[in-house]
Amino acid sequence: MLTIQNLHVSVEGCPILQGLNLEVKAGEVHALMGPNGAGKSTLAAVLAGKEGYEITEGEVLFEGRDISELSPEERSHAGIFLAFQYPVEIPGVSMIQFLRAALNAHRAAKQQEPLDTAELMALLREKAALLKLDPAFLSRSVNEGFSGGERKRAEIFQMAVLEPKLCILDETDSGLDIDALKIVSDAVNALRSPTRAFLLITHYYRLLQYIRPDVVHILVEGRIMRSGGPELAVELEEKGYEALLSTA
Amino acid sequence: MEMLKSPALTLEEGAAHLTRLLQEQVALANLPPNLRVQWDKWVQEANLQTLFWEQRHKEDWKYTPMDFLRFPWDVGLARRVSPPFSIPSVLPYAEEVDGVEKDLPALRSLPVPSSPWEALLGGTSSAHHYYIRKEGSLIFSVRGEGGVVPYLLTLSLAPHSVGEVWLFPSTEALMLLRFHLHVGQGACLKLFFPSYANEAQGYLYTILSAHLEREASLETYDLSTSREWRRTEVKVYLKEAGAKVYLHGAAYVDSKTTWDQAIRVEHGAPHTESNQLFKSLVRAGGRSIFQGRIYVHRDAQKTNAYQSHKALLWEKNATAYSRPQLEIFADDVRCTHGVTTGFLQGEMLTYLRTRGIPLEDARKILASAFLAEVIEKVPYEILHTEMYKVISSCLSSPAELSR
């Protein structure tokens, strides 16, 4: 599904990713771990098409198609979803308005008719229940006045509504208490399917206790230094980055 | 309209011409004899040329283009027209009364003119006076044609009455509207002032003053997507304890358009409350001006006053001037104000786009969302719908072509 080859990315002339290679197949869950400044969020931003990130070398293929020239909305229509580490507030736009616009844009890209209000509301209520969100939440402005945990749940709620093929979760576990982490993890696990892949960016092993990954990668200084099964995360938890990488 | 295409005078010549033109209309005003004498004197002393040499007038008009003075105006005609949409109000029509015969509260509280405009308009306009005893609505839907149309309206609300005002003035030339409200003890008034892009593209200058007695309340909603030059001066005097005023304004300011709000809220008694909430979205070549002043008298302890203006510059070469001012002479008050001016936040756009919303749609959503804080406070949904429709339609055109 996702193939990244020798990816080099700079931000304002400063190299961040320096020859990153990654292969994610449909149905797989990959965890990407690494110390602060390793380039984890840069990779997420590049995949989502955020501005300000310059690919200087290498390529990113999604379902065999080079996505480097696609706009963020085209990537979304193709099936890429980024759950933001710091979701922005959008005062004046309710979650209903926002997701109506997003869903109908996706449907328009597939030459489908827009959803009517009853269909939309039924879908939103069903997905809100998955995240144990109060239906009143749908009438609130996007992320405005949300707690950190509510914002992260709102991101996963949007993911559940849009049903992307590739879900990138950028430190979704940060700021979540244990109960919220369990709700979010249950929702992610419910969305796992043979046609969908996940890239979980995280600092903490505890998320991987709830969402069991197929592959764990250690990203350091813009390159993947080690990859392995779930046991790699356990080893990392025990030893830390420095000791783990010195024994590699 | 030909006159609009061929400005022929300097600003000072135009000011002299308009002064003379208005002074010649002096017999029009429908005022009681005692006021008539006083206003005749003020009219004859008024001179619009002082706008260019008296410092306080220069300050008031500092950011406002006054090109309308350069036309050799003649007197125009006022024509009653249908409102642009069906008014949702269910209140009966306010009673029109003869200002000469009745001792109207609004005529008693009509402020002494503080500018030559107020002097000229108070004494020379075609005047109509209305009274609401228990409940009533006033709908002013008038189109000015062929030249200058000066209008004086007054509305008096009896104690504990309820009223609504709907203002739809429009003009292809120059309309000068002077409107004074007297809101009696415990009375409530809502005023709606919507204008839309498909209306005439002339010059509309409104001076709205209000005098509020004990526990009276006034809410105003100024919604503008018009393409005219539009200056609105609002002067509210909270004369007695418990009086409250809430002023709202949301504007889509198109290219070559001026949207100008000059506001003065005067707290004259303790326990009075005011809130000014204004937002403007400005296209390239458009100009948004907000001058808001809160004045708290020495005796007006426990005043609660708030003022906010936010301008969103849609493109480069959009212009916004904001001048919030507080003058406080009491020591136990709560007065806050805030002003922001800026472009659309890139991270908001990115967020919407990563959810699949195309760039132009995302920009329109954020434009409506920016103004929504004000629009959603309007108690009638038809006004929301009309405003959002016009904004969405106007933003589909590039600024240079949107006029």
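All of the numbers you see were taken from the coordinates with simple rules; none came from a lab. All figures in this text were calculated on a predicted structure; none of them were measured in a lab. We place every Cβ from the backbone using ideal geometry, glycine too, and count neighbours over all the protein chains shown.
How high is the FRET efficiency between A:ALA129 and A:MET225 when r is their beta carbon distance and R₀ equals 41 Å, given to the nearest 0.05?
0.50
What distance in nm separates the simple spin-label points at B:LYS41 and A:GLU237, each placed 7 Å from Cα in the Cβ direction?
So the label points at B:LYS41 and A:GLU237 sit 9.1 nm apart.
Would you kindly compute the Cα radius of gyration of the stretch B:270-364 and its largest Cα-Cα separation (Dmax), both in Å?
In order Rg, Dmax, the Cα atoms of the stretch B:270-364 give 18.0, 57 Å.
If you stretched the chain out fully between B:GLU24 and B:GLN325, how much longer would it get, using 0.36 nm times the residue separation minus the C-alpha to C-alpha distance?
Using 0.36 nm per residue and subtracting the Cα-Cα distance, I get 104.7 nm.
Amide H of B:VAL142 versus every other amide H placed in the peptide plane: which residues, excluding those fewer than 5 positions away on the same chain, fall under 5 Å?
B:VAL81, B:PHE168, B:SER170
Extending each Cα 7 Å along its Cβ direction at A:THR117 and B:TYR93, get the distance between those two points in nm, one decimal.
3.5 nm
Please quote Rg/Rh for the stretch B:148-265 to two decimal places, taking the Kirkwood radius as Rh and restricting both calculations to Cα atoms.
That ratio equals 1.00.
For A:ILE224, list long-range residues whose amide hydrogen, built 1.01 Å from N in the peptide plane, is under 5 Å from its own amide hydrogen.
Sorted by chain and number, the residues that satisfy this are A:ASN21.
If all Cα-Cα distances of chain A are sorted into 10 Å bins from 0 onward, what percent lands in each bin, rounded to whole numbers?
Calculated over all Cα pairs of chain A, the distribution is 7, 31, 36, 21, 5, 0 percent.
Which residue fluctuates the most in chain A, going by a Gaussian network model with Cα springs under 10 Å, if the choices are A:ALA48, A:ALA109, A:ALA154?
Sorting by GNM fluctuation, first place goes to A:ALA109.
How large is the dipole of the stretch B:131-178 about the Cα centre if only Lys and Arg carry +1 and Asp and Glu carry -1, each at its Cβ, rounded to the nearest 20 debye?
180 debye
Show the residues, 5+ positions off or on another chain, whose built amide H is closer than 5 Å to the amide H of B:ILE328.
Amide H neighbours of B:ILE328: B:VAL296.
Using only the Cα atoms of the stretch B:1-150, what do you get for the radius of gyration and for Dmax, in Å?
Just the Cα atoms of the stretch B:1-150 yield Rg and Dmax of 17.5, 50 Å.
Normalise the Cα radius of gyration of the protein assembly as shown by 2.2 N^0.38 Å (N = residues in it) and let me know the number.
In units of the globular-protein estimate, the protein assembly as shown measures up at 1.19.
Can you compute the modelled spin-label distance between B:THR50 and B:SER392, with each label point 7 Å from Cα toward Cβ, in nm?
That separation, rounded to one decimal, is 5.0 nm.
Projecting each Cα onto the charge dipole of the protein assembly as shown (Lys/Arg +1, Asp/Glu -1 at the beta carbon, about the Cα centre), which of B:SER209, B:THR220, A:VAL184 comes out farthest on the positive side?
Farthest along the dipole direction, towards plus: B:SER209.
How about A:LYS239: which aspartates and glutamates have a C-alpha closer than 20 Å to its C-alpha, ignoring those fewer than 8 places off in the same chain?
Result set, ordered by chain and number: A:GLU221, A:GLU231.
Can you say what percent of the DSSP beta bridges in the stretch B:2-346, counting only those with both residues inside, are antiparallel? Round to 5.
Of the beta bridges lying entirely in the stretch B:2-346, close to 5 percent run antiparallel.
Could you work out the equivalent-ellipsoid semi-axes for the stretch B:96-140, taking the square root of 5 times each eigenvalue of the Cα gyration tensor, largest first, in whole Å?
22, 12, 11
Where Rh is the Kirkwood radius over the Cα pairs of the stretch B:196-292, the temperature 20 °C and the viscosity 1.002 mPa s, what D in µm²/s does Stokes-Einstein return?
153 µm²/s
Could you size up the charge dipole of chain B around its Cα centre, putting +1 on the beta carbon of Lys and Arg and -1 on that of Asp and Glu, and report it in debye to the nearest 20?
680 debye
Given that compact globular proteins tend to follow 2.2 N^0.38 Å, what is the ratio of the alpha-carbon Rg of the stretch A:12-67 to that value?
Taking the Cα Rg and dividing by 2.2 N^0.38 Å, one obtains 1.18.
Go ahead and run the numbers for FRET between B:ASP67 and A:ASP186, Cβ-Cβ distance against an R0 of 60 Å, rounding to 0.05.
0.40
Tell me which of A:ALA118, B:LEU167, B:GLN301 sits at the most positive position along the dipole axis of the protein assembly as shown, charges placed on C-beta atoms (Lys, Arg +1; Asp, Glu -1).
It is B:LEU167.
Binned at 20 Å from 0, what are the whole-percent values of the Cα-Cα distance distribution for the stretch B:2-346, short to long?
31, 62, 7, 0
Identify all lysines with a Cα-Cα distance to B:LYS256 below 17 Å; exclude those on the same chain that are fewer than 8 residues away in sequence.
B:LYS5, B:LYS316
I'd like the distance separating the alpha-carbon centroids of the stretch A:1-50 and the stretch A:169-248, in whole Å.
15 Å
Among the lysines, select those whose C-alpha is under 21 Å from the C-alpha of A:LYS152, and discard any that sit fewer than 8 residues away in the same chain.
Here the lysines satisfying the reach criterion relative to A:LYS152 are A:LYS40, A:LYS50, A:LYS127, A:LYS132, A:LYS165, A:LYS182.
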